[in-house]
Ligand code: URA
């Protein structure tokens with residue numbers, strides 16, 4: 001038995017938050033009865049009808065993709081550009097967990113589990129994301145310290161970031177580094193470096209929580225292992 005909103009989210013219909021709204025709005029029936037109580041428990045063996053539609057327990061699937069540059073992190077694009085979903089031929093209705101910019105490469109998880117996706121991207125759960133970055137210019141020590149303390153950019157204070165493996169290419173006036181952040185605000189890495197006076201010229205996400213790109217080439221995907229899904233849940237809970 002699970003909370004009704006969790007079951008609805010797990011079926012891939014909508015997020016848990018939206019499922020809660022549907023319940024309180026009286027749009028959910030369990031075994032013929034309208035249920036408006038959020039704590040109500042049910043299971044997939046109950047007949048659950050959401051907005052007049054019977055809930056089918058979908059097979060929950062989880063993939064990890066090495067996103068190449070030039071793909072949109074969405075299910076569909078209004079300009080018909082290629083999307084990350086095009087690279088993972090699943091029969092289930094999968095969607096990306098969070099986003100990477102069009103010109104960013106690296107790790108992205110795709111799933112049809114709305115509940116899992118919400119938990120992975122919610123800032124309060126603080127899952128680490130590690131990026132390999134190349135910036136224009138030579139990163140100053142004070143800038144690394146500002147990032148580590150929690151940089152203020154665009155009028156918001158970022159959570160502390162970890163900067164590691166800093167390497168300078170003085171000839172090309174570039175810095176290569178890894179940065180670990182726990183949030184996932186829009187264009188966050190680019191904006192943070194921009195605030196410090198550096199343009200990001202290459203951005204690749206190398207790690208999402210416990211999952212990295214080992215064994216994958218650009219454009220390739222694999223199924224997440226059950227222990228990886230479990231660890232991601234644990235990381236998010238303990239974050
Ligand atoms: N930060 C960015 O600026 N872009 C991404 O794609 C991911 C993190």
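So the values come out like this:
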| read-out | value |
| --- | --- |
| Distance in nm between pseudo-label sites at residue 51 and residue 17 (7 Å out along the Cβ direction from Cα) | 1.7 nm |
| Helical mean residue ellipticity (222 nm; -39500 (n - 2.57) per DSSP H run of 4+; nearest 500) of the chain | -6500 deg cm²/dmol |
| The stretch 107-216, relative contact order [Cα under 8 Å, separation at least 6], % | 38 percent |
| Principal axis box of the chain, alpha-carbon based, largest edge first, Å | 71, 36, 35 |
| Length-normalised contact order for the chain - Cα pairs under 8 Å, 6+ apart - percent | 20 percent |
| Under 15 Å from the residue 140 label point (7 Å along Cα→beta-carbon), backbone N, the stretch 190-212 | 193-199 |
| Separation in nanometres of the label points that stand 7 Å from Cα toward Cβ, at residue 230 and residue 38 | 3.0 nm |
| Overall form of the stretch 2-54 per C-alpha gyration tensor (a/c, 1.5; a/b vs b/c) | rounded |
| Cα-based shape type of the stretch 119-239, given that a ≥ b ≥ c are square roots of the gyration tensor eigenvalues and the cut on a/c is 1.5 | oblate |
| Gain on full stretching of the segment that runs from residue 25 to residue 218 - 0.36 nm per residue minus C-alpha separation | 65.0 nm |
| Mean separation of Cα contacts under 8 Å, 6 or more apart, over the residue count of the stretch 52-184: relative contact order % | 21 percent |
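Since every read-out is calculated from the coordinates, none of them should be taken as a lab result. Bear in mind the structure is a predicted one, so any value in this text is a computation, not a measurement. Note: ideal-geometry Cβ built from the backbone for every residue, glycine included; neighbour counts use all protein chains shown.
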